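First comes the structure, then the notes that go with it.
The values are calculated or read from the model by the stated rules, or taken from the named source; none is laboratory data. Given the structure is predicted, the values throughout are model-derived calculations rather than measurements. Glycine also receives a Cβ, built like all others from the backbone with ideal geometry; neighbour counts cover every protein chain displayed.
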Amino acid sequence: MKIAIIGAGAIGGYVGVKLALAGEDLTFIVRGANLRAIRSAGMKLVMQDGTEHVASNVRATDSYDDAGVQDVVIVALKAHQLDAVADNIGKLVGPDTVIVTMQNGIPYWYFHKHGGELEGRQVVSVDPTGELARKIAVDKVIGCVVYPASELIAPGVVRHIEGDRFPLGELDGTSSERVNRVAACMTNAGFKAPVLDNIRSEIWLKLWGNLTFNPISALSHSTLVDICQYPLTRVLAVQMMEEAQAVANRLGIEFRVTLDKRIAGAEKVGKHKTSMLQDIEAGRGSEVDALVGAVVELGRLTDTPTPHIDTVYALVKLLDRTVAEESGVVKLQKAA
């Protein structure tokens, strides 16, 4: 299939290399150092065991017009970066194109094809003006939950840390021909890509950890295993997760794993810096609104108290703003 990946960061690069090596017609839409690196030497993937794979048979461009209409468009940017590309995504979309959204947190389309009294409601935290829903056509969207952990270690070079699971789902829960086609493509590339009849439930399962561990790690400069094993932050994580579970339950979501098992899964990842901590250390904007602010918003919408989430959100939102305003980074350094 003809596939365009918008972004060649930790996840976009990982997915793109695997798809290209499986024989797909792959185009990265990227800018700057990543664009130059991929054009010069292809996209490199370093696996957990140190083996390296290079996809040299890929195109890289910063022009949506040059990329043209695709069969599949994978949006591998963070939620707060969607505004910057929304105007151009339509240039990649034809009558049969599908758009696979790979953002963490509550997506802009959450209440579209949701059904019930909340059908079509705007999630203000992630789509304040409603422009995303208008410009990134919801009818084209297939939801995706990203479980792997990886990191961009140099322009055009991604290191895979763990995981290979990308559950997919239509927003209305149907098992369509197009979602099964995308799942088969992902499976052929070596990923686990089950088609789910309730992609929102899977979004909440991933978010359950992200809304907790990401902001705590950004504020404490600690890794997943540190947060899980330090008694005070473990208790805070539990309190935040209990509040989030109550919000999800009000929206008809039931978790298929226990809270303890979800924490154990995070602990098992080990000394891994969350994406939000990596962003703060690099001076980049973070996914604070999609991961945390949206849950606060949905708590208000469902009349569900979220005091611990509210407090952590206020702190990490201020940190995010300070990093942006000062054009700075916040990173622990070894003492002399």
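Just one of the numbered conditions (1) of a type in the set (Gly, Ala, Ser); (2) buried (at least 22 other Cβ atoms within 10 Å of the Cβ); (3) in a helix (DSSP H, G or I) is not true of Gly299: (2). When the residues of the range 217-262 are filtered to those that are in contact (Cβ under 8 Å) with a residue 40 or more places away in the chain and among the β-branched types (Val, Ile, Thr), the one that is farthest from Asp320 (Cα to Cα) is Val257. Residues considered: Ala84, Ala79, Ala133, Ala137. Of these, the only one that is assigned by TED's automatic domain parsing to the domain that holds Ile38, small (Gly, Ala, Ser) and touching a helix residue (DSSP H, G or I) at 6+ places or on another chain (Cβ under 6 Å) is Ala79. The one condition from (1) surrounded by 18 or more Cβ atoms within 10 Å (Cβ to Cβ); (2) of a type in the set (A, V, I, L, M); (3) not in a loop (DSSP other than H, G, I, E, B) that Ala84 does not meet is (1). In summary, Gly115 fulfils each of the numbered conditions (1) over 29 Å from Ala282 (Cα atoms); (2) modelled with pLDDT of 95 or more with the single exception of condition (2). On inspection, Glu254 does not qualify as assigned to a helix (DSSP H, G or I) and among the acidic types (Asp, Glu). Among all positions in the range 261-271, there is at least one residue which is within 22 Å of Cys228 (Cα to Cα), in contact with a Phe, Trp or Tyr (Cβ under 6 Å, 6 or more places away or on another chain) and in a helix (DSSP H, G or I). Out of the range 182-228, which residues are basic (Lys, Arg) and farther than 14 Å from Pro148 by Cα? Scanning the range 182-228 gives a single hit, Arg200.
Taken as a whole, the structure leaves Ser217 outside the set of residues that are in a helix (DSSP H, G or I), surrounded by fewer than 22 Cβ atoms within 10 Å (Cβ to Cβ) and hydroxyl-bearing (Ser, Thr, Tyr).
Filtering Gly285, Gly209, Gly270, Gly293 for residues that are closer than 27 Å to Glu170 by Cα and either charged (D, E, K, R) or at pLDDT below 95 (or both) leaves a single hit, Gly209. In the range 48-64 there is at least one residue matching the filter, namely being on the phi > 0 side of the Ramachandran plot and not charged (D, E, K, R). The residues of the range 302-336 that are in contact (Cβ under 8 Å) with a residue 24 or more places away in the chain, of a type in the set (A, V, I, L, M) and in a helix (DSSP H, G or I), listed by number, are Ile309, Val312, Leu315, Val316, Leu319, Val323, Ala324. Here Gly94, Gly115 are screened, and the one residue that is free of Cβ contacts under 8 Å to residues at least 60 places away in the same chain and either on the phi < 0 side of the Ramachandran plot or in contact with a helix residue (DSSP H, G or I) (Cβ under 9 Å, 6 or more places away or on another chain) (or both) is Gly94. Among the residues of the range 102-147 satisfying the criterion of being of a type in the set (D, E, K, R) and in contact with a Phe, Trp or Tyr (Cβ under 6 Å, 6 or more places away or on another chain), which is nearest to Ile253 (Cα to Cα)? Looking at the filtered set, the residue picked out is Arg121.
So is Tyr108 touching a residue at least 12 places away in the same chain (Cβ under 8 Å), among the aromatic types (Phe, Trp, Tyr) and crowded, with 20+ Cβ neighbours inside 10 Å or not? In short, yes. Scan the range 274-295 and tell me whether some residue there is surrounded by fewer than 18 Cβ atoms within 10 Å (Cβ to Cβ) and within 23 Å of Asn198 (Cα to Cα). Looking for residues that are surrounded by fewer than 18 Cβ atoms within 10 Å (Cβ to Cβ) and within 23 Å of Asn198 (Cα to Cα), one finds none in the range 274-295, hence no. The single condition among (1) at pLDDT below 95; (2) over 20 Å from the mean Cα position of the chain (by Cα) that Thr311 does not satisfy is (1).
Checking each residue of the range 195-211 against the condition of being more than 17 Å from Asn104 (Cα to Cα), more than 21 Å from the chain's Cα centre (by Cα) and either in the same structural domain as Phe111 (by TED's automatic domain parsing) or not hydroxyl-bearing (Ser, Thr, Tyr) (or both) gives no match.
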